[in-house]
Amino acid sequence: MLIRWIVSLMLNAIALTAVAQLFDSFHLEDFGTAFLASFILAILNILIKPILIILTLPITILTFGLFLIVINAITLMLTQGLIGSSFVIDGFGVAVIASIVISLISMVLNNLIKDSFKR
């Protein structure tokens, strides 16, 4: 279980690095910063995201779940705030787009890797 979590952190760090390469307004200093951001994002997703989901449940229902993208962007901005100058997102709009791209890249990478854990 621990190995799966570490692999998941690595895959998310790769996704963060890919987004940093795709967008000029999304800056990561190095892969170590991406891994730290992935770790902090995982902790925030465990602790803060459920609270945000409950607090925004009416708007999430009205938007058919699309508001979850905004919640992902909020957790990404919180991660940036906790790390500091080695991880910078230039605006909330960039965070929204980045959260979508990170989710897509992570989903693809996790689907590629999950077959390895079944064996």
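The values are calculated or read from the model by the stated rules, or taken from the named source; none is laboratory data. Keep in mind it's a predicted model, so treat the numbers as computed, not measured. Backbone-built Cβ (ideal geometry, glycine too); neighbour counts: all protein chains shown.
Could you list, in sequence order, all residues of the range 40-56 that are surrounded by 16 or more Cβ atoms within 10 Å (Cβ to Cβ) and either over 13 Å from N12 (Cβ atoms) or more than 15 Å from the chain's Cα centre (by Cα) (or both)?
K49, L52, T56
Under the condition of being of a type in the set (F, W, Y) and touching a helix residue (DSSP H, G or I) at 6+ places or on another chain (Cβ under 7 Å), which residue from the range 1-33 is farthest from A95 (Cα to Cα)?
Across the range 1-33, the extreme among qualifying residues is F31.
Would you check if there is a residue in the range 94-104 being within 21 Å of W5 (Cβ to Cβ), of a type outside the set (A, V, I, L, M) and modelled with pLDDT of 95 or more?
Taking every residue of the range 94-104 in turn, at least one turns out to be within 21 Å of W5 (Cβ to Cβ), of a type outside the set (A, V, I, L, M) and modelled with pLDDT of 95 or more.
Based on this model, can you work out whether L36 counts as within 23 Å of I3 (Cα to Cα), at pLDDT below 95, in contact with a helix residue (DSSP H, G or I) (Cβ under 8 Å, 6 or more places away or on another chain) and buried (at least 18 other Cβ atoms within 10 Å of the Cβ)?
So L36 fails the test.
From the list A42, A34, A18, which residue is in contact with a strand residue (DSSP E or B) (Cβ under 9 Å, 6 or more places away or on another chain) and either within 20 Å of N110 (Cα to Cα) or hydrophobic (A, V, I, L, M, F, W, C) (or both)?
The conditions single out A34.
Find all pairs meeting these conditions: Cβ atoms under 6 angstrom apart; at least six residues apart or on different chains; first residue within the range 1-23 and farther than 17 Å from I100 by Cβ; second residue surrounded by 16 or more Cβ atoms within 10 Å (Cβ to Cβ) and among the aliphatic types (A, V, I, L, M).
Note: pairs meeting the criteria are A13/A34.
To keep it simple, each residue is scored yes or no on (1) in a helix (DSSP H, G or I); (2) under 13 Å from the mean Cα position of the chain (by Cα).
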position	(1), (2)
P58	yes, no
I74	yes, yes
V88	no, no
V96	yes, yes
I100	yes, yes
I105	yes, yes
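Restricting to the range 24-38, name every residue that is closer than 14 Å to S99 by Cβ and either assigned to a strand (DSSP E or B) or among the aromatic types (F, W, Y) (or both).
F26
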